[in-house]
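One structure is given here, and the rest of the page talks about it.
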Amino acid sequence: MEQEEPNDVIVLSAISQGAKKFDKISKKTKIDEQELNALIARLEEKGFIVLVEKKGWLGSKKELVLTDKGNKELEERRFGLQQNWNQMVTMWKSGDKDKLQQHMEEHKSILPSMMFMGIMDMMMFSTMMGFMGMAMTSFMPNQYMDSGQQDMGGHMQVLARIQVQVRTLAEAADLEMAAQETWAALTLISKYIIQE
């Protein structure tokens, strides 16, 4: 496996999901254009992606595609991210707040990759954050938190608001109501996310 850059795997994943042009990759990943240019150049240099020209009825078009080496890298990184997520879940289930928080601080840069690739269970992540008494904004970059659109950022904002409401109920020692509110709100938003 190559030297890891957290956003590299996000770009590889976006391309594998069908975003094959710069503008589509930029929109899907929310990565700054200048950084995205550098990432694409680095991925091409490493042999993970290539620019291919496809000819069709309406002329030719250029698309980025993963190479076999790129597909292998993506799968290795996905496996590593899944293992990391499983470790976080195990720490959370053990009830060790300090260990979980330390682990998350040490691996903060890969959390957006976990979210983007669908490895992270957002309901569980929100619960973990509440367990540690922290806001989700502590571990997710602004590019995923400040969007008011109904995309990854918009969903993160809604989850963050739910988390604050649930924490308030929990602090008021109304744990049963907090659990009911959490379940109802997260079920609603997960249905909405799946429909998209």
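Bear in mind these aren't lab numbers, they're just calculated from the coordinates by the rules spelled out. Here the structure is a predicted model, which is why all the values come from computation and not from measurement. Cβ: placed from backbone, ideal geometry, glycine included. Neighbour counts: every protein chain shown.
For region 30-49 versus region 75-130, the spacing of their alpha-carbon centroids is 25 Å.
Taking a threshold of 29 Å on the Cα-Cα distance, which of the pairs Lys27/Lys55; Lys28/Lys93; Lys46/Lys99; Lys27/Lys99; Lys20/Lys72 fall above it? Let's see the in-between values first.
Values: Lys27/Lys55 25 Å; Lys28/Lys93 32 Å; Lys46/Lys99 35 Å; Lys27/Lys99 35 Å; Lys20/Lys72 18 Å.
Table pairs above 29 Å Cα-Cα are Lys28/Lys93; Lys46/Lys99; Lys27/Lys99.
Close amide H pairs (under 5 Å, H built 1.01 Å from N) link Met120 with Met115, residues at least 5 positions away or on another chain.
The residues neighbouring Trp85, those whose beta-carbon lies less than 13 Å from its own, together hold a net charge of +2 under the Lys/Arg +1, Asp/Glu -1 convention. The distance between label points at Lys46 and Gln17 comes to 1.9 nm (points 7 Å beyond Cα on the Cα→Cβ vector).
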